[in-house]
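Chemist: Dumping the structure here so I can ask a few things about it.
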């Protein structure tokens, strides 16, 4: 039986539920601090060294990473307490299990997480501006964020694009064959160009254009293309989603950015004008159910939280300020896409964290 007591209020407090909420708060407090320490572990090569050379004592890890043992010792204990590092009490050594390494040390893994920690730690730096925006309703543009937000976004999403992108394109109606023979592709909201470059690598007979309104991201994307050896068939341009140039594209892609746009209906109308007759628009969005109560999950919390910090403020900073939000769901996405003139819209693929939509004329 649950007991309750009065605590300075007319309604009784359920002690068991109160205790559960306090425990949840403690977990969240630890996670908040842990995010900053995970970024340190990533940037100083602590995870990578543990994976390559562990098990190690704190002194051995400090020596190999040219860091100070006393800091490393405390860091290791915090990581072990959080389950990110494994501790062997008999030898006083620390190591990564294969699963821990897959998440923390393998940058090609589709579940690589340090980029996500880098992203969320940096995006929260706009706290004072966001508080003011809550009062005024003004927006905060993507370009106003700390530089680490852009790099964290690339490192967070890039590996999953590498793992799933070709399957997603393969789920579209006839697009894969068209691109293999030579097609025209535009990746809208390309950021640092991770999916754009992956598409260029997979379809060497096609031409690819990546566009983003953020000039600094486009400059990085051009460097990435040179490094990847695909600069001869992928071009990056500064443009908005409502104004990019070109026509008769066989494929228009948008990866986790459509919900950030101020005028998604106007963007849909522009995409419609630039598609070829049999072209397809692929929209990748964070996984979300049409019912809010079904999104009250750990992933849903992450989605709503990042949407509050970055996605919705970015949309509200632009013309129209639709504020679609990162947990937009299939029904709302269909509504704005068909509002822009598309007549066919379907869910083509999905993962536990992504929804992949296909829109056609």
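Values quoted throughout were computed directly from the atomic coordinates according to the rules given, and no laboratory measurement underlies them. As the structure is a computational prediction, the values presented were derived from the model and not from experiment. Reconstructed Cβ throughout: ideal geometry from the backbone, glycine too, with neighbour counts over all protein chains shown.
Chemist: Restricting the calculation to Cα positions, tell me the Rg (one decimal) and the Dmax (whole number) of the range 137-226 in Å.
Modeler: 14.4, 48
Chemist: Right, another one. Just need the relative contact order of the chain here, percent rounded to a whole number, with Cα pairs under 8 Å and 6+ apart.
Modeler: It rounds to 12 percent for the chain.
Chemist: Using a Gaussian network model of the chain whose springs link C-alpha atoms within less than 10 Å, name the residue from 119, 296, 50 with the highest mean-square fluctuation.
Modeler: Comparing 119, 296, 50 in the GNM, the peak value goes to 296.
Chemist: Semi-axes of the equivalent ellipsoid for the range 4-106, please: Cα gyration tensor eigenvalues, times 5, square-rooted, ordered largest first, whole Å.
Modeler: Numbers: eigenvalues 274, 33, 31 Å².
For the range 4-106, the ellipsoid semi-axes come out as 37, 13, 12 Å.
Chemist: Hey, what angle do you get for helix 114-123 against the long axis of the chain, alpha-carbon based, 0 to 90 degrees rounded to 10?
Modeler: 80 degrees
Chemist: Right, another one. Using only alpha-carbon positions, what ratio does the radius of gyration of the range 84-206 give when scaled by 2.2 N^0.38 Å?
Modeler: Numbers: Rg = 19.6 Å, N = 123, 2.2 N^0.38 = 13.7 Å.
Rg over 2.2 N^0.38 Å, computed on Cα atoms: 1.43.
Chemist: Within the range 178-197, find all residues whose amide N lies under 16 Å from a label point positioned 7 Å from the Cα of residue 231 along Cα-to-beta-carbon.
Modeler: Counting backbone N atoms under 16 Å from the label point, the list is 193, 197.
Chemist: Can you grab the distance from the C-alpha centre of the range 297-361 to the C-alpha centre of the range 15-34, Å, no decimals?
Modeler: 30 Å
Chemist: Taking neighbour counts of Cβ atoms within 10 Å as a proxy for exposure, in what order, fewest first, do 122, 25 appear? If you can, show how the numbers build up before the last one.
Modeler: On the way: 122 20, 25 10.
Starting with the residue having the fewest Cβ neighbours, the order is 25, 122.
Chemist: Still on this structure: Roughly what % of DSSP beta bridges within the chain run antiparallel, to the nearest 5?
Modeler: Working: 18 of 38 bridges.
Around 45 percent of the beta bridges assigned by DSSP in the chain are antiparallel ones.
Chemist: Semi-axes of the equivalent ellipsoid for the range 165-276, please: Cα gyration tensor eigenvalues, times 5, square-rooted, ordered largest first, whole Å. Intermediate results must be reported in sequence, preceding the final value.
Modeler: Details: eigenvalues 76, 66, 27 Å².
Working through the eigenvalues yields semi-axes of 20, 18, 12 Å.
Chemist: In degrees from 0 to 90, rounded to the nearest 10, what is the angle of the helix 127-136 Cα long axis to the longest principal axis of the chain?
Modeler: With rounding to tens, the tilt is 60 degrees.
Chemist: What is the Cα coordinate range of the range 175-230 on the first, second and third principal axes, sorted by size from largest, in whole angstrom?
Modeler: Between the extreme Cα coordinates on each principal axis of the range 175-230 lie 34, 21, 12 Å.
Chemist: Could you work out which residue, out of 319, 248, 187, moves most in a Gaussian network model of the chain, that is, has the largest mean-square fluctuation with Cα springs under 10 Å?
Modeler: With Cα springs under 10 Å in the chain, the top fluctuation among 319, 248, 187 is at 319.
Chemist: How are the C-alpha pair distances of the chain spread across 10 Å bins, as whole percents from the shortest bin up?
Modeler: Binned Cα distances yield the sequence 5, 21, 29, 23, 14, 6, 1, 0.
Chemist: Please arrange 271, 238, 175 by counting, for each residue, the other beta carbons lying within 10 Å of its beta carbon, fewest first. Could you put the intermediate results ahead of the total?
Modeler: Working: 271 27, 238 14, 175 23.
Going from least to most buried by this count: 238, 175, 271.
Chemist: Roughly speaking, what is the centre-to-centre gap between the range 84-160 and the range 203-219 when only Cα atoms are used, to the nearest Å?
Modeler: Centre-to-centre (Cα) distance: 24 Å.
Chemist: Exposure proxy check: 211, 40 ranked by fewest other beta carbons within 10 Å?
Modeler: Values: 211 23, 40 14.
Result, fewest neighbours first: 40, 211.
Chemist: Among 137, 170, 321, determine the one that fluctuates most according to a GNM of the chain built with springs between C-alpha atoms less than 10 Å apart.
Modeler: Largest GNM mean-square fluctuation: 137.
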